[in-house]
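Readers should treat all values here as calculations from the given coordinates under stated rules, not as data from a laboratory. Because the structure is predicted, anything quoted here is derived from the model rather than measured. Using ideal geometry, Cβ is built from the backbone for each residue, glycine included, and neighbour counts are taken over all protein chains shown.
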Amino acid sequence: MLHPRIIKLIIAISLVTLLLKPNQVHGQGGIVIENAGVAVAFGNSITFTANIKSTLPIQQASLLFREANEEITRVETLQVAEDGAVSFTYDATQNVFPPFSWVLFWFQATLSDGVTYTSDPIKFQYYDDRFPWRQVNRVNVTINWYAGDDSFGASALDAAGSGILAMRDFVPISFDDPIDVYVYSNITDLQSTLVSSSNEWVGAHAHPELGVVLVAIPPSSSQFIEMETKIPHELAHVMLYRSLGENYQRQPAWLIEGIASMVELYPNPDYARAMQIASDNDSLIPFNDLCASFPVDAGSAFLAYAQSQSFVTYIRDSYGTSGLSRLMGAYSEGFNCELGATQALGIPLSQLDIRWRETVLGQNIGGVAARNLLPFLLIMLLVLIVPLWSAIDLLRQRRKNGKQESK
Ligand SMILES: [Zn+2]
């Protein structure tokens, strides 16, 4: 019997070969690429194979490849067999390529005439084929899942639809490009697709530039809550990315995560408590510290999500959805975290932070400030009272003298 991994590999090869249409890929003069193929062992390796045909002897050949959205291209020198066969196996264990991303590869060969010829690029999807994915779709959203029955997939699709309805007031919705939601049945399966530096607690992730959403939701009695929380949140990331384009990266983390958390259909009951505890302990995170990124440790990250959701909701309630749009506009223009708020809402971020603490969490920051000033006020009084007494004394003396003189 064949080992399951080998069977998988064979399936992967045949799938990719089908995708590539195994006819000849013609190079730009000088070389012809035949039988180009890719064998993906997801999370382990990617093996590129081809036959490079040329009229002149090949002096040197290379494989070039990159993820479609990547700036960098990897270049690997190839050993060319006598019949032109080449093969290169890339170590994919670091998950440098996001799951379901598109990878481009092409070949270069320098022939004995000293000229380097380049083939046309070939594209394939780095598909997580470890699971028997099933699909259900509506408009441009496809739910992909492998655990749970038909109703599980239908519920996930409903959660996506409700999420889009809920966010349409403040997130521009795009129905043009497809969005694929992949529902893994557990965190371990999902984690194995993410770069190894990812946080262990991450149970959902979006690759907005790919239109890909990954969530971990086990089929269970709590599946609806998880679907209604995670799917709208990650969809909001994709929609925001599509409306903001490259300005998406300029937005503060608290704003993007706050909006995405605000569209969750099932409010997290622990958020309010986490914030109240932090407020009482004076350990709330200033929003100016949540601009570049969120904390790494799970506890602080949880608080950061809770705060951001509450803060963005407060901004929407105080300044309307147009306030949120102005805020995104200001950050798109390149204003820094503090001043983007001044530009959009007429109040710097740090002041808005104080107002939020006072309004939502009932902090009395004015009172706190006065209490902190008390020692200084006492010293000032002492400093002032001593000369005051002398002054009063002096006045009395003068008045006495004056009275005497007027007599
Ligand atoms: Zn998020």
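When the Karplus curve 6.51 cos²θ - 1.76 cosθ + 1.60 is applied with θ = phi - 60°, which whole-Hz ³J(HN,Hα) does each residue of the range 119-130 get, with x for Gly and Pro?
With the stated coefficients, the range 119-130 comes to 7, 6, x, 10, 10, 9, 9, 7, 8, 7, 9, 6 Hz.
Filter the GluC sites (Glu not before Pro) in the range 161-263 to those in DSSP coil with at most 10 other Cβ atoms within 10 Å of their Cβ, and list the result. If you can, show how the numbers build up before the last one.
Numbers: sites: 200, 209, 226, 228, 234, 246, 257; in loops: 200, 209.
Loop-located and lightly packed - 200.
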